[in-house]
There are 2 protein chains.
Amino acid sequence: MVDKKLVEEITSREVDFAQWYTDVVKKAQLMDYSSIKGCMIFKPRGYAIWENIQKSLDARFKETGVENVYLPMFIPESLLQKEKDHVEGFAPEAAWVTYGGNDELVERLAVRPTSETLFCDLYSNIIHSYRDLPKLYNQWCSVVRWEKTTRPFLRSSEFLWQEGHTAHATAEDAEERTIMMLNLYADFCEQELAIPMIKGKKTDKEKFAGAESTYTIEAMMHDGKALQSGTSHNFGDGFARAFDITYSDKNNELCYVYQTSWGMSTRLIGALIMVHGDDSGLVLPPRIAPVQLMVVPIGQRKEGVMEGCQKLYDSFCDAGVKSVLEDSDKSPGWKFAESEIRGIPLRAELGPKDLAAGQCVLVRRDTREKIPVSIDGAADKAKELLVQIQHDMLERAREFLNTHIYDAYDYEEFKATIENKPGFVRAMWCGNEECENTIKEDTTATSRCMPFEQERIAESCICCGKPAKKLVLWGKAY
Amino acid sequence: MVDKKLVEEITSREVDFAQWYTDVVKKAQLMDYSSIKGCMIFKPRGYAIWENIQKSLDARFKETGVENVYLPMFIPESLLQKEKDHVEGFAPEAAWVTYGGNDELVERLAVRPTSETLFCDLYSNIIHSYRDLPKLYNQWCSVVRWEKTTRPFLRSSEFLWQEGHTAHATAEDAEERTIMMLNLYADFCEQELAIPMIKGKKTDKEKFAGAESTYTIEAMMHDGKALQSGTSHNFGDGFARAFDITYSDKNNELCYVYQTSWGMSTRLIGALIMVHGDDSGLVLPPRIAPVQLMVVPIGQRKEGVMEGCQKLYDSFCDAGVKSVLEDSDKSPGWKFAESEIRGIPLRAELGPKDLAAGQCVLVRRDTREKIPVSIDGAADKAKELLVQIQHDMLERAREFLNTHIYDAYDYEEFKATIENKPGFVRAMWCGNEECENTIKEDTTATSRCMPFEQERIAESCICCGKPAKKLVLWGKAY
């Protein structure tokens, strides 16, 4: 029996989703608050998830020719100011270094909130000829954006991310790379995190400071809210003109480069929690779980039990299943609860009766289904189940997403749906920022994106009634 | 024939070692200067070496039970001040954040120069019982120390490193971990970087700010200078007392924990260059080289050459040799020079004559030996040669180290040796800091360490003549 006391310390999702989230983060020991305002501590279990995300994403990047680099964490104020929209977007939330040791600096330095300006500075120095293109650089680092309110993984003054920055000879090449990375992000989230994404383009109001266009992948959390999970920006030649990044083409004519940038962050861990978690804690997809299986001995002082568990554990490890053997002196009930809180995809239970029958019991975290299996066949079955769990988790998340998107045809219906039904609303839009502002004021919902899969579900804007230009996905967002 | 023009752009090691170093860093495209004073840009070829170092070290750490975490990059001034020696050591070179957005901060924040204080703050919150010990945490991050003078990889205001921080129940456990990590570092450097290390203890003058004892591994560069390559510190319970980190032992008595920290950084890339490099550029040990073999077609427009090179390249890849096929329109001579500058351990040359003879030529970067080998057997031979090169590089470096350590028995001899012979000098020391200061003033040499392998080569201190306590290794250092 699962130890109820441990689990009861987690607030129910239905009672208070925000509190449930905080409880899970804390009980699963993913993160801790630090004594520095707005900054978080990634504990081993949280950081291990990030390491798995990094490893998988990094390999995918490299397959497309991306190379990793590392640029300074400081940006001189004058450099940040070179692109007008960009500085307006980021300077107000920058942390500023003004002293080096005991000396006041001549020019203050921003701790990077993002590194477009540094990459532009580098590219202006190293790009000369069409032979130097494309440049496909990425860096893994932490960035700082001074935040007033913070939430673990979702919003903090410092967070970890990757930022890709590319330079191309033509506008077409830049657009192709922007879309390629957005698709790579969406594939990664579906295949590794079991989170289905809606791909689309941001409206001008929501796009990145300095970008020509911003593409986004949006995920739906269990409370129906949207989480922007990754963005890919096409800068056109805007930054190139501001930073004078030119190359000689084959005819020896001087041209501006076209640029992109794209990023995903530790927010993804927040998405994992809020898409898959339940009232017992975390539920991790097997492909991203640092531990895939916990072996729990039942009556571990009984003859043969520990030996049996050790053999079982060895067979899982040999089969490539990332396993732990929980042989502490805690009760089995405590261990069951612990494996559930941590979201370990499978549990293997073995007691004297199982031993006598030559079997053990595999327990799925996602469905809690108990599957008796012969000890000899346990490792193969576990591998099969991990694949099944990964598949089922994606399908359940997809089902949830699909059944929580509503179409709205008039504004009263739109407002009522946003108000009363957790999820997204699809509605037509005239293209004017004023309507986005009105909708936000009336409902707190924002335009999440103009989905790639456009449909013309009505002829007029949901807000102003003028002729509609685009289908927009609306939702309340984290 | 190697294209001489490219190679000639590198200053000879014997003419000007410092300039040679800078030339290699630049020509091998490892690093670039940034527009931020004292900060460097890790270019793809430099960063790829760091990624390999990280991967290998991280796996070794984890085998000893270490877990990765990530702590904030900011340290409030009051936290940095909690341990007296520590703040004196690091505050003068800290970068200070004083503004968050438009608001002046109530308390200024140091960008971490090292994270002892943050880990102590965390440990004081999460350690309660002997069951919570040991804590074996590590983090990979960048740190900032405001430097007046900088050199690529060796000294810069921001650098990349790992910092391990552990907490233990007893002084013995802490000492054991301190030594374990030093040995791990030395093994890693020998086996992966092919750099032999001298292990020893730092004198009090040279130890880390706040440590009870500091252990070090010291490497000898080609110019005879020492590079401190990794350090491991035993803090005793000093930090625990300053930060009040206590636990209840089995008898329910409150005790202070004992702590260690240990770090290695991107300096190691500097060591790789200065130990193995030659007048043609970098020479990378196969186990750490991002590219292990370059296939160079000779007369690539001749019939069958490109097909043959492609087949050869595929066979290397299939055998797990990290290879590139250099099929650009540059001349073979340029490609030979390029493979040498980049320090790629092996080159495979294939031209029409080779093709007719069913062979190719493998060329070792370290010895330049040319080894004709049948095309079918090339991949196996390459794998064998990579092992051989790794072995030979370590042995050559060990031979260089061993033949450049001199014993000194009187002070005039000591000074003459330090002055005239590149390398280290072993000499006895009385234990007083005054003699270290005198020696530094007279020769610019410092005590590198008191080697673990102690010998009593004389009875009196090399400097003051008083009774000797320790054998010390002296050298000029980076």
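The values are calculated or read from the model by the stated rules, or taken from the named source; none is laboratory data. For clarity, every value in this text was computed on a predicted model and none was experimentally measured. Note that each Cβ is placed from the backbone with ideal geometry, even for glycine, and that neighbours are counted across all protein chains shown. Just the protein is used for accessible areas: all its heavy atoms, side chains included, with ligands, DNA and RNA removed. Shrake-Rupley method; radii C 1.70, N 1.55, O 1.52, S 1.80 Å.
Using Cα atoms only, what is the angle between the long axis of helix B:411-420 and the major principal axis of chain B, expressed in degrees (0 to 90) to the nearest 10?
Around 40 degrees separate the two axes.
Dipole of the protein assembly as shown, Cα-centred, from +1 at each Lys and Arg C-beta and -1 at each Asp and Glu C-beta, to the nearest 20 debye?
Charge dipole, the protein assembly as shown, about its Cα centre: 640 debye, nearest 20.
What shape does the range A:308-363 take by its C-alpha gyration tensor, where a ≥ b ≥ c are the square roots of the eigenvalues and a/c under 1.5 counts as rounded, a/b above b/c as prolate, and the rest as oblate?
Here the range A:308-363 falls in the oblate category.
Measure out, as a whole number of angstrom, how far apart the alpha-carbon centroids of the range A:179-249 and the range A:99-118 sit.
The range A:179-249 and the range A:99-118 have Cα centres separated by 27 Å.
So how far apart, in nm, are the two label points at A:Ser328 and A:Asp244 if each is 7 Å from Cα heading toward Cβ?
The modelled label-to-label distance comes out at 6.2 nm.
Take the alpha-carbon centre of the range A:373-416, take the same for the range B:371-441, and report the distance between them in whole Å.
60
What's the magnitude of the charge dipole for the range A:88-198 around its Cα centre, counting Lys and Arg as +1 and Asp and Glu as -1 at the beta-carbon? Answer in Debye, nearest 20.
280
Starting from 0.36 nm per residue, how many nanometres of slack lie between A:Glu455 and A:Asn125 once their C-alpha separation is accounted for?
114.3 nm
Taking all protein chains as present, what is the carbon and sulfur share of the accessible area of chain B, in % to the nearest whole number, probe 1.4 Å?
Percent of accessible area from carbon and sulfur atoms in chain B: 46.
Using the structure shown, list the pairs from B:Lys62/B:Lys381; A:Lys55/A:Lys381; B:Lys311/B:Lys335 with a Cα-Cα distance above 24 Å, or answer none.
In this structure, B:Lys62/B:Lys381; A:Lys55/A:Lys381 exceed 24 Å between Cα atoms.
For Cα pairs less than 8 Å apart in space and 6+ apart in sequence, what is the mean separation divided by the residue count of the range B:313-459, i.e. the relative contact order in percent?
Contact order relative to length: 14 percent.
Using only atoms on other chains, find how many Cβ atoms lie within 10 Å of each Cβ of peptide A:43-53 and report the average.
Average neighbour count from other chains, rounded to a whole number: 3.
Relative contact order (percent) for the range B:347-387, with alpha-carbon contacts under 8 angstrom and 6 or more residues of separation?
About 30 percent, as a whole number.
Go through the range A:86-103 and flag every residue whose accessible area shrinks by 10 Å² or more with all protein chains in place compared to the isolated chain (probe 1.4 Å).
A:Pro92, A:Ala94, A:Ala95, A:Trp96, A:Val97, A:Thr98, A:Tyr99, A:Gly100, A:Gly101, A:Asn102, A:Asp103
Roughly how many Å² is the accessible area per residue of the protein assembly as shown, as a whole number, for a 1.4 Å probe?
Heavy-atom accessible area per residue stands at 40 Å².
In the range B:60-85, what residues drop by 50 Å² or more in accessible surface going from the chain by itself to the full protein assembly, probe 1.4 Å?
B:Asn68, B:Tyr70, B:Pro72, B:Met73, B:Phe74
Under the rule a/c < 1.5 gives rounded, and otherwise a/b versus b/c splits prolate from oblate, where does the range A:18-134 land using the Cα gyration tensor?
The shape class here is oblate.
Expressed as an acute angle from 0 to 90° and rounded to the nearest 10, what is the orientation of the C-alpha long axis of helix B:44-63 relative to the principal long axis of chain B?
Between helix and principal axis, roughly 50 degrees.
Enter the buried accessible area of the B/A pair, total of both sides, probe 1.4 Å, in Å² rounded to the nearest 100.
Summed over both sides, the interface buries about 4200 Å².
Taking only C-alpha pairs under 8 Å that are 6+ residues apart, what is the relative contact order of chain A in percent?
The value is 14 percent.
What are the ³J(HN,Hα) couplings of the range A:101-106, residue after residue, when phi is run through the Karplus curve with 6.51, -1.76, 1.60 and θ = phi - 60°? Round to Hz, x for glycine and proline.
With coefficients 6.51, -1.76 and 1.60, one gets x, 9, 9, 6, 6, 5 Hz.
Enter the Cα centre distance for the pair the range A:298-322 and the range B:128-167, rounded to the nearest angstrom.
Rounded to whole Å, the Cα centres lie 38 Å apart.
Calculate the spin-label point distance for A:Lys62 paired with B:Lys421, positioning each point 7 Å from the Cα along the beta-carbon direction, and give it in nanometres.
My value for the distance between the label points is 4.5 nm.
What is the angle, in °, between the Cα long axis of helix B:116-126 and the longest principal axis of the Cα atoms in chain B? Nearest 10 is fine, range 0 to 90.
The answer is roughly 70 degrees.
In the range A:34-78, if the dipole is taken from +1 on Lys/Arg beta carbons and -1 on Asp/Glu beta carbons about the Cα centre, which of A:Ala59, A:Met40, A:Val69 is farthest to the positive end?
Working it through, the farthest residue towards the positive pole turns out to be A:Met40.
Which net charge results when you count Lys and Arg as +1 and Asp and Glu as -1 among the other residues whose beta-carbon is under 13 Å from that of B:Ser447?
Taking every other residue near B:Ser447 into account, the sum is +4.
Got a sec? Which residues of the range A:127-169 lose 10 Å² or more of accessible surface with every protein chain in place, vs. that chain alone, 1.4 Å probe?
By number: A:Arg131, A:Tyr137, A:Trp140, A:Ser142, A:Val144, A:Trp146, A:Lys148, A:Glu158, A:Leu160.
Just tell me which lysines come within less than 22 Å, Cα to Cα, of A:Lys205; anything on the same chain fewer than 8 places away is out.
By straight Cα distance, A:Lys205 reaches A:Lys82, A:Lys84, A:Lys148, A:Lys225, A:Lys415, A:Lys440, A:Lys466, A:Lys469, A:Lys470, A:Lys476.
Work out the mean other chain Cβ neighbour count within 10 Å for the residues of B:28-36 and drop it here as an integer.
That average works out to 4.
Place a +1 charge on the Cβ of each Lys and Arg in the range B:163-214 and a -1 charge on the Cβ of each Asp and Glu, then give the dipole magnitude about the Cα centre in debye, rounded to the nearest 20.
240
Could you tell me which chymotrypsin sites (Phe, Trp or Tyr not before Pro) in the range B:389-476 are loop residues by DSSP with no more than 14 other beta carbons within 10 angstrom of their beta carbon?
Qualifying residues, ordered by number: B:Tyr409, B:Phe452.
Give me, ordered by chain and number, the residues 5 or more places off B:Arg448 or on other chains with an amide H under 5 Å from its own placed amide H.
Sorted by chain and number, the residues that satisfy this are B:Leu473, B:Trp474, B:Gly475.
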